[in-house]
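Colleague: I have a structure here, written as structure tokens, and I will follow up with some questions on it.
The values are calculated or read from the model by the stated rules, or taken from the named source; none is laboratory data. As the structure is a computational prediction, the values presented were derived from the model and not from experiment. Virtual Cβ from ideal backbone geometry, glycine too; neighbours counted across all protein chains shown. These area figures cover heavy atoms from the full protein model, side chains too; ligands, DNA and RNA do not enter into them. Shrake-Rupley method; radii C 1.70, N 1.55, O 1.52, S 1.80 Å.
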Amino acid sequence: MSSEQLVVHKFGGTSVGSGERYRAVADIVAARPEARRAVVVSAMSGVTDALVRAVEQAGGRDGGYRDQLATVRERHRATARELLPGAEGEEVLAALERDLADVDDVLRAAWIVRHAPRGAADLVVGLGEVWSARLLAAYLACRGEDAGWLDARAVLVAEPGEQSARVDWEASQARMDAWIKARGGVPSTLVITGFVASTAAGVPTTLGRNGSDFSASIFGALLRADEIHIWTDVDGVMSANPRLVPEAVVLESLSYREAMELAHFGAKVVHPETMSPAVERGIPIYIRNTFRPEAPGTRIDPDGGARMIKGISTVEGVALVNLEGTGMRGLPGLGVRLFTALREAGVTALMVSQGSSQHSVCFAVPAASAEAARVAMETAFFAERHHGQIQTLEVDADCCILAVVGDGMAGHPGVAAGVFGALGKAGINIRAIAQGSSERNISVVVDGSQAQRALRAVHAGLYLSRQTLSIGVIGAGVVGATLLDQLAARAEALRAEHNVDLRVRAIATRGRMARDERRLPLEQWRAQLAAGEAFDIDTFVDHVQTEHLPHTVIIDCTADEAIARRYGDWLRRGIHVITPNKRANTLEIGYYDELRAAGRGPGAHYLYETTVGAGLPIIQTLRDLITTGDEVQRIEGVLSGTLSYLFNAFDGVRPFSELVVEARAQGFTEPDPRDDLSGADVARKVTILAREMGLRLEMADVDLEGLVPEELRGGDVDDFLRRLAGHDETLTGWWRDAHARGERLRFVGVVERDGRASVRLSPYPAQHPFARLNLTDNIVQFSTRRYTPNPLIVQGPGAGPEVTAAGVFADLLRLASYLGARF
């Protein structure tokens with residue numbers, strides 16, 4: 001950024017809601033690279049509402065207005081004392097008291113005459129911004145910044161309007177230039193009051209709805225700014241409402257036109273009218289997060305970037321009015337009469353749709369205006385209704401408009417099909433459709449009860465593509481080899497029966513890799529790999545991700561942390577990742593967040609069902625519970641097939657160490673049984689489940705009591721197996737104590753809703769489901785709000801290459817389904 005640039009920053013009420021938040025704003029301002037900046041501020045959160053209530057109470061002779069003022073006074077005094085010790089604070093407090101004395105006079109007059117004129121009300125309501133700007137400027141100066149403040153009422157001339165104020169640009173520019181000239185320039189940081197202005201007669205006024213955003217745009221124009229940054233409490237403009245679509249992503253950029261379209265449909269974007277000064281002058285607008293200033297935010301500019309679809313939004317609380325009749329075809333002036341009737345009734349049409357047959361026309365209005373719209377139509381078309389030309393007048397008051405917005409949709413075939421197809425697959429009926437000739441917006445009306453489902457369906461559906469997947473498999477050990485054999489057995493049938501082409505184009509081990517431009521012959525994959533080349537991870541990934549195939553999938557069947565740490569980069573490149581490797585999801589929480597965020601984005605999916613229960617649907621079950629609104633209170637499970645087998649076989653007669661040796665010989669344990677007996681593998685699974693529950697858990701937070709004595713943790717495997725017998729008596733004693741109580745020992749992982757997590761050997765009554773396991777079975781018990789007192793149980797084989805590989809295969813087919821395949 002050029003040091004000569006001037007940037008306007010706007011901070012809303014939540015951004016300056018406390019002393020702590022003022023400090024955060026000051027830190028943001030101090031860290032900015034530009035040499036000159038203007039900082040437009042709102043009142044502290046809640047202050048404007050309190051002042052509005054005070055005005056209303058005074059006009060209604062409610063003495064509570066004094067309490068409102070007292071609360072506002074004390075809040076500002078406390079914040080000023082916190083931020084400004086000494087003379088600076090006293091000066092700000094003195095100005096505050098002078099203003100409040102004026103407010104008291106104004107409200108006392110309103111009390112007497114039982115009314116507060118608009119000018120008086122605007123004077124009082126706008127003071128929150130004055131106090132906020134004065135306080136921030138003083139605090140910045142106290143920190144050593146070259147800072148000053150401007151009361152916008154001194155330069156900004158505007159006249160009140162029905163929706164918002166009308167700016168007198170010529171007068172305002174002249175006053176702005178004069179203000180700067182009189183001071184010999186502006187300080188490096190100029191803090192400006194948002195929301196307020198003065199009329200040409202000098203009467204205080206406000207800018208109406210979104211007034212502070214409007215102020216930022218206005219002063220961006222008056223100061224000839226290079227950029228405008230609107231600091232809010234979100235990371236930017238989302239592709240959809242994240243409360244309704246958790247997979248929604250922050251958009252990097254929008255065009256002005258796209259932003260206006262999305263704002264019309266309720267997206268959290270700058271209001272179109274408040275953007276207009278910036279739009280007219282081509283000033284880029286950034287939507288940023290005060291609470292996460294490192295996030296780049298969303299840029300709104302004339303171009304808007306290359307992404308075809310920018311956002312999907314809904315307007316709920318909509319009524320659909322339908323006029324239908326055999327006599328409507330060719331009825332002169334139908335549209336004029338319809339819109340005139342709505343205008344006279346004060347009703348806004350949100351969307352209009354008419355078929356080319358001209359036999360019907362429908363339009364959407366706010367649900368609150370449904371009855372007014374119906375009466376207006378009855379009146380306007382009384383004659384046609386009376387003579388049977390219009391047979392039907394229907395009003396459905398519970399509808400929702402869903403809009404898909406993007407400049408890139410223009411001239412791009414298939415977008416509408418994606419919208420309608422996604423809705424159709426979700427079983428959602430479309431009531432009405434509208435699209436302008438600009439092709440920037442496709443809007444549909446659906447039933448209100450289906451609003452959220454429709455939004456999620458379209459959001460997912462529009463990022464789908466063809467059903468051909470370019471696949472690379474890393475790791476050809478036991479699980480990886482079994483997966484490749486399973487793919488070889490099913491690939492042709494999937495192509496023939498389901499039109500799904502799973503092209504394995506690369507296979508790699510730690511030392512070698514095999515590649516093919518089209519597909520590797522899976523019946524011969526071992527020979528292909530043996531004849532392959534030296535493994536290079538970047539070459540491998542670049543080969544799998546090719547321009548001519550729309551979807552790239554990497555399946556990691558290793559337990560390699562270095563490979564797992566590449567997932568984030570792959571996902572950001574648009575590469576789907578499927579893995580049974582538990583390392584990635586149990587690394588530091590920041591990396592886990594990165595993977596989840598990347599996996600929720602429009603470009604790639606991250607699937608890891610097999611990291612907890614091999615082929616058992618444990619993670620999917622947990623997600624289904626949470627997604628459908630259940631509250632998970634506790635998850636408890638036997639999560640190691642190896643330890644399940646050992647404690648099923650342990651009868652207190654045969655030494656435990658002998659069972660471990662036997663299990664290792666049969667391939668039921670890792671080559672080093674300590675990997676199983678330590679409980680670390682179970683702790684990883686517990687960590688994954690806790691994070692899926694939304695808990696911020698690190699693996700180190702798990703209370704782990706493993707079965708490897710401290711003195712046996714070092715040394716080689718043979719030495720460990722020889723010395724393990726010396727600890728048999730301890731485990732035998734535990735078994736005898738449990739058996740005497742009619743209990744069975746099970747190695748169990750537990751995670752609680754409050755964040756507690758543990759892994760240890762525990763006794764369970766013989767009637768308990770955990771006590772009745774077979775062989776290498778895993779079992780997981782979900783205790784939830786719905787599943788109480790009888791928990792939901794998932795049980796089945798939790799170890800072995802066949803079931804684990806089958807679980808990975810199922811994730812691959814699940815991904816194909818996400819991308820449009822039908823099974």
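Colleague: Just for strands (runs of 3 or more DSSP E) wholly inside the stretch 281-399: which have at least 1 residues that are in contact with a Pro (Cβ under 7 Å, 6 or more places away or on another chain) and open to solvent by less than 20 Å² (accessible area, probe 1.4 Å)? Can you show your working first?
Modeller: Details: elements: 285-289, 298-301, 311-324, 351-354, 360-366.
It comes to 298-301, 311-324.
Colleague: Of (1) in a loop (DSSP other than H, G, I, E, B); (2) in contact with a His (Cβ under 9 Å, 6 or more places away or on another chain); (3) of a type in the set (Gly, Ala, Ser), Ala403 satisfies all except one. Which?
Modeller: If we test Ala403 against (1) in a loop (DSSP other than H, G, I, E, B); (2) in contact with a His (Cβ under 9 Å, 6 or more places away or on another chain); (3) of a type in the set (Gly, Ala, Ser), just (1) comes out false.
Colleague: If you don't mind, there's one more thing I want to ask. Which of the numbered conditions does Met44 fail, given that it passes all the others? Conditions: (1) within 20 Å of Leu135 (Cβ to Cβ); (2) assigned to a helix (DSSP H, G or I); (3) touching a Gly at 6+ places or on another chain (Cβ under 8 Å).
Modeller: Here Met44 clears every test but (2).
Colleague: Within the stretch 132-177, can you find the residues that are within 19 Å of Ala221 (Cβ to Cβ), open to solvent by 50 Å² or more (accessible area, probe 1.4 Å) and among the acidic types (Asp, Glu)?
Modeller: Once the filter is applied, which keeps residues that are within 19 Å of Ala221 (Cβ to Cβ), open to solvent by 50 Å² or more (accessible area, probe 1.4 Å) and among the acidic types (Asp, Glu), the stretch 132-177 yields Glu159, Asp168, Glu170, Asp177.
Colleague: Kindly evaluate Ile180 against the criterion of being of a type outside the set (Ser, Thr, Tyr) and either over 33 Å from the mean Cα position of the chain (by Cα) or open to solvent by 30 Å² or more (accessible area, probe 1.4 Å) (or both).
Modeller: yes
Colleague: Go through the stretch 564-620 residue by residue and tally those that are of a type in the set (Ser, Thr, Tyr) and touching a Leu at 6+ places or on another chain (Cβ under 7 Å).
Modeller: Counting residues in the stretch 564-620 that are of a type in the set (Ser, Thr, Tyr) and touching a Leu at 6+ places or on another chain (Cβ under 7 Å) gives 2.
Colleague: Are there any helices (runs of 4 or more DSSP H) wholly within the stretch 713-823 with 1 or more residues that are farther than 30 Å from Asp501 by Cα, and if so which?
Modeller: Output list reads 717-724, 728-740.
Colleague: Which one is surrounded by the most Cβ atoms within 10 Å (Cβ to Cβ), of the residues in the stretch 645-658 that are within 49 Å of the chain's Cα centre (by Cα) and in a helix (DSSP H, G or I)? Don't jump to the end; show me each part of the working.
Modeller: First, pick out the residues of the stretch 645-658 that are within 49 Å of the chain's Cα centre (by Cα): 645-650.
Now narrow it down to the ones that are in a helix (DSSP H, G or I): 645-649.
On the way: Tyr645: 23, Leu646: 25, Phe647: 23, Asn648: 19, Ala649: 15.
Step by step, filter the stretch 645-658, then rank; the result is Leu646.
Colleague: So Lys268 passes all but one of these: (1) open to solvent by 40 Å² or more (accessible area, probe 1.4 Å); (2) modelled with pLDDT of 75 or more; (3) in a loop (DSSP other than H, G, I, E, B); (4) not small (Gly, Ala, Ser). Which condition number does it fail?
Modeller: Failed condition: (2).
Colleague: Of (1) at pLDDT below 95; (2) open to solvent by 20 Å² or more (accessible area, probe 1.4 Å), Val500 satisfies all except one. Which?
Modeller: Looking at each condition in turn, Val500 falls short on (2).
Colleague: Still on this structure, please answer the following. Here are Glu670, Glu710: which of them is open to solvent by 80 Å² or more (accessible area, probe 1.4 Å), farther than 20 Å from Ala799 by Cβ and under 48 Å from the mean Cα position of the chain (by Cα)?
Modeller: Numbers: Glu670 fails: farther than 20 Å from Ala799 by Cβ.
Answer to the selection: Glu710.
Colleague: Let me ask something else. Listed residues Pro277, Pro204; which is open to solvent by less than 10 Å² (accessible area, probe 1.4 Å) and farther than 27 Å from Ile312 by Cβ? Full working, then the answer.
Modeller: Details: Pro204 fails: open to solvent by less than 10 Å² (accessible area, probe 1.4 Å).
Only one candidate qualifies: Pro277.
Quick grid of which residues meet (1) touching a helix residue (DSSP H, G or I) at 6+ places or on another chain (Cβ under 9 Å); (2) over 21 Å from Thr611 (Cβ atoms); (3) in contact (Cβ under 8 Å) with a residue 40 or more places away in the chain:
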site: Ala738; (1), (2), (3): no, yes, no
site: Leu745; (1), (2), (3): yes, yes, yes
site: Gly755; (1), (2), (3): yes, no, yes
site: Tyr764; (1), (2), (3): yes, yes, no
site: Asn774; (1), (2), (3): yes, yes, yes
site: Asn790; (1), (2), (3): no, yes, no
site: Gly798; (1), (2), (3): yes, no, yes
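Colleague: Would you be able to tell me the number of residues in the stretch 523-566 that are under 13 Å from Thr579 (Cβ atoms), surrounded by 20 or more Cβ atoms within 10 Å (Cβ to Cβ) and of a type in the set (A, V, I, L, M, F, W, C)?
Modeller: Adding up the residues that qualify gives 6.
Colleague: Being in contact (Cβ under 8 Å) with a residue 12 or more places away in the chain and hydrophobic (A, V, I, L, M, F, W, C) is the filter here; which residues of the stretch 41-74 pass it?
Modeller: Val41, Ala43, Met44, Val47, Ala50, Leu51, Val52, Ala54, Val55, Ala58, Leu69, Val72
Colleague: Condition check: within 22 Å of Tyr608 (Cβ to Cβ), crowded, with 16+ Cβ neighbours inside 10 Å and either aromatic (Phe, Trp, Tyr) or touching a Lys or Arg at 6+ places or on another chain (Cβ under 9 Å) (or both). Does Gln781 satisfy that?
Modeller: The answer is yes for Gln781.
Colleague: For the structure I just gave you, tell me whether Val682 is of a type in the set (Val, Ile, Thr) and not in a loop (DSSP other than H, G, I, E, B).
Modeller: In short, yes.
Colleague: Name, by its number, the condition in (1) loosely packed, with under 15 Cβ neighbours inside 10 Å; (2) not in a helix (DSSP H, G or I) that does not hold for Ala30.
Modeller: Exception for Ala30: condition (2).
Colleague: Test Thr730 against the criterion of being of a type in the set (S, T, N, Q) and surrounded by 17 or more Cβ atoms within 10 Å (Cβ to Cβ), and give yes or no.
Modeller: no
Colleague: Could you go through the stretch 114-130 and let me know if any residue there is in contact (Cβ under 8 Å) with a residue 24 or more places away in the chain and farther than 30 Å from Ile218 by Cα.
Modeller: Yes - at least one qualifying residue is present in the stretch 114-130.
Colleague: Going through Thr348, Thr326, Thr392 one at a time, which residue ends up being polar (S, T, N, Q) and in contact with an Asp or Glu (Cβ under 7 Å, 6 or more places away or on another chain)?
Modeller: Selected residue: Thr392, the only one of Thr348, Thr326, Thr392 that is polar (S, T, N, Q) and in contact with an Asp or Glu (Cβ under 7 Å, 6 or more places away or on another chain).
Colleague: Looking only at strands (runs of 3 or more DSSP E) that fall completely inside the stretch 159-224, which ones have 3 or more residues that are under 30 Å from Arg143 (Cα atoms)? Let's see the steps before the verdict.
Modeller: Details: elements: 189-193, 196-198, 204-206.
Ranges flagged: 189-193.
Colleague: State which residue pairs qualify: first residue among the small types (Gly, Ala, Ser) and inside the stretch 279-305, second residue surrounded by fewer than 15 Cβ atoms within 10 Å (Cβ to Cβ) in any location, beta carbons under 6 Å apart, and separation of 6 or more residues or different chains.
Modeller: Gly282/Pro302
Colleague: Let me ask another. Being in contact with a helix residue (DSSP H, G or I) (Cβ under 9 Å, 6 or more places away or on another chain), at pLDDT below 95, under 21 Å from Val541 (Cα atoms) and of a type in the set (Ser, Thr, Tyr) narrows it down to one of Ser465, Ser470, so name that one.
Modeller: Answer to the check: Ser470.
Colleague: Do the conditions hold for Glu594, that is, is it at pLDDT below 95, surrounded by fewer than 19 Cβ atoms within 10 Å (Cβ to Cβ), out of contact with any Lys or Arg (no Cβ under 6 Å at 6 or more places or on another chain) and not in a helix (DSSP H, G or I)?
Modeller: Considered against the rule, which asks whether it is at pLDDT below 95, surrounded by fewer than 19 Cβ atoms within 10 Å (Cβ to Cβ), out of contact with any Lys or Arg (no Cβ under 6 Å at 6 or more places or on another chain) and not in a helix (DSSP H, G or I), Glu594 comes out as no.
Colleague: Regarding the stretch 52-62, can at least one residue be identified that is open to solvent by 60 Å² or more (accessible area, probe 1.4 Å), in a helix (DSSP H, G or I) and either under 21 Å from Pro204 (Cα atoms) or in contact with a His (Cβ under 6 Å, 6 or more places away or on another chain) (or both)?
Modeller: Yes, the conditions are met somewhere in the stretch 52-62.
Colleague: Which one of these does Thr611 not meet: (1) surrounded by 19 or more Cβ atoms within 10 Å (Cβ to Cβ); (2) in contact with a strand residue (DSSP E or B) (Cβ under 7 Å, 6 or more places away or on another chain); (3) not aromatic (Phe, Trp, Tyr)?
Modeller: Of the numbered conditions (1) surrounded by 19 or more Cβ atoms within 10 Å (Cβ to Cβ); (2) in contact with a strand residue (DSSP E or B) (Cβ under 7 Å, 6 or more places away or on another chain); (3) not aromatic (Phe, Trp, Tyr), the odd one out for Thr611 is (2).
Colleague: Could I ask something else about it? With the condition being in contact (Cβ under 8 Å) with a residue 60 or more places away in the chain, I'd like the helices (runs of 4 or more DSSP H) fully within the stretch 482-588 carrying at least 1 qualifying residues.
Modeller: Helices (runs of 4 or more DSSP H) meeting the threshold: 537-544, 561-564, 583-586.
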